[in-house]
Amino acid sequence: MPQFAYVAVDAQRKAVNGKTEQIDRAGVIAALTKQNLRPVSIREVKKRVGINIDFQHLFQPNHVKADRLVIFTRQLSAMVGAGVPLLRSLTSLEKHAEDPVLKKILADVIKNVEGGMSLGEAINKHPETFNDIYVNMVRAGEAAGILDDILKRLAFQQEKSAKIRKKVRSAMAYPLVLMVITTLAFFGLMLFVIPQIGKILTDLGGPDAKLPGITLFMLGVSHIITTYWYIIFPAIGGIIYGTLRYVKTPRGKRQFDTLMLKIPGIKTIVTKLAVARFARTFSALMGAGVAVLECLDVTSRAVGNTLFAEALRAAAKEVKNGKSLSAVIERNDLFPAIVAQMLAVGEETGQTDTVLVKVADFYEDEVDLAIESIGSIIEPAMIVLMGSMVGLIAASVMTPIAQLSQNIK
């Protein structure tokens, strides 16, 4: 869409300069008239052709942190609720924004709102910051005239989601650190320690010394790693990189999610986490006045698991044919029975959003307990793994030394 630079005057005959994106000059005139501005001059801004690298922002982050977005949402809700006009609220928040990425996005949102767009349409142009849930709830709030209340709901939901993500990450951090340390220690011993020990044993027992099988195995592994390290390490890196890329594809993501639902312990956390996201997101959209089918469509993209997303999309088709959502969910084995029961209560009382909030609170607490319990199991398991590796190496070293000492006696 072409960009136009304009000079206009307001009711007090003050000059106003700015830029806006419109289809043509007539669109610019209509947008300015809507703002009670009289255009003086309008010219199309020609886009420069060529490579333009902004070195100042090249190494800056290109996304808005979750906590910054929560603060912005709460501030906007408070200002709109206090009766401050939307455009003035956005301008004030953009002026005082500390995050450079958020500041840049708000400047673009303000420009689009000035050009006649609604807030929902303006933020929809930045999907990397404002997801489908955010956009749909804002649109519903604008249509119903309860934008401040919707923004409060959004901020609360974002806080809950961020809290769960932090707990999951903190629970996974310790096992990952131990795994990395274990891997580095293994390769360090294989590359630097075992070869020296093998040389010492050969010097003590001679080239014809009979070594135990465990020692020969460790020396063989060490020899392979030290000889072909330039093949082994790139191969391991390539496998890890390829696996991560494959998991991001639709087919790989589905296979990974299917695997997660088959591993004991992990299955419980994944299921409860998906149900909590479904309940929290669906209740927020329902409370905002979004239609049920649209709620299911948006929620399916936010639930975080491919199998649950497919189940929700299939449920939307059946609901469209006249079936109740509780009856459809009840027949699906992915969802616990309590979800269908609570949905049925909500449908009967007309308080589906309120009931699902209770479900979300319950399963978020369950996720916390499940993460703590699996964390208490993973930690000693990783310690046993590290101890086994050290014990294996110690046995491969001490056994031949003991044999050689007996031969010397």
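The values are calculated or read from the model by the stated rules, or taken from the named source; none is laboratory data. Nothing here was measured: the structure is a model prediction, and the numbers come from that model. Using ideal geometry, Cβ is built from the backbone for each residue, glycine included, and neighbour counts are taken over all protein chains shown.
Key figures for this structure:
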| item | result |
| --- | --- |
| Matching residues in region 1-22 - criterion: being among the β-branched types (Val, Ile, Thr) and over 20 Å from Ala107 (Cα atoms) | Val9 |
| Conditions (1) within 30 Å of Thr129 (Cβ to Cβ); (2) surrounded by fewer than 20 Cβ atoms within 10 Å (Cβ to Cβ): number failed by Asn332 | (1) |
| Residue, modelled with the lowest pLDDT, within region 262-288, restricted to residues that are among the hydrophobic types (A, V, I, L, M, F, W, C) and not in a helix (DSSP H, G or I) | Ala288 |
| Every residue from region 302-347 that is of a type in the set (Ser, Thr, Tyr), without any contact (Cβ under 8 Å) to a residue 40 or more places away in the chain and either touching a Lys or Arg at 6+ places or on another chain (Cβ under 8 Å) or not in a loop (DSSP other than H, G, I, E, B) (or both) | Ser326 |
| Top-ranked residue of region 281-307 - restricted to ones that are over 16 Å from the mean Cα position of the chain (by Cα) and among the charged types (D, E, K, R), ranked as surrounded by the most Cβ atoms within 10 Å (Cβ to Cβ) | Asp297 |
| Residue list for region 93-124, restricted to those being of a type in the set (Gly, Ala, Ser) and over 17 Å from Leu151 (Cα atoms) | Ala97, Ala107, Gly115, Gly116 |
| Output for region 115-172, where each listed residue is of a type in the set (Phe, Trp, Tyr) and not in a helix (DSSP H, G or I) | Phe130 |
| Matching option when the condition is at positive phi and surrounded by fewer than 16 Cβ atoms within 10 Å (Cβ to Cβ), among Gly213, Gly145, Gly188 | Gly145 |
| Output for region 194-234, where each listed residue is over 22 Å from Val390 (Cβ atoms) and either at pLDDT below 80 or among the hydroxyl-bearing types (Ser, Thr, Tyr) (or both) | Thr202, Asp203, Leu204, Gly205, Gly206, Pro207, Asp208, Ala209, Lys210, Thr227, Tyr228, Tyr230 |
| Residue in region 365-372 that is under 22 Å from Met179 (Cβ atoms), surrounded by 12 or more Cβ atoms within 10 Å (Cβ to Cβ) and of a type outside the set (D, E, K, R) present | yes |
| Count - residues of region 269-311 that are aromatic (Phe, Trp, Tyr) and closer than 22 Å to Asp149 by Cα | 2 |
| Residues located in region 5-33, provided they are touching a helix residue (DSSP H, G or I) at 6+ places or on another chain (Cβ under 8 Å) and not small (Gly, Ala, Ser) | Tyr6, Lys19, Thr20, Glu21, Gln22 |
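So that you can scan it fast, the table gives a plain yes or no per residue for (1) at pLDDT below 85; (2) not small (Gly, Ala, Ser):
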residue: Ala122; (1), (2): no, no
residue: Ile133; (1), (2): yes, yes
residue: Ala140; (1), (2): yes, no
residue: Leu147; (1), (2): yes, yes
residue: Lys163; (1), (2): yes, yes
residue: Lys167; (1), (2): yes, yes
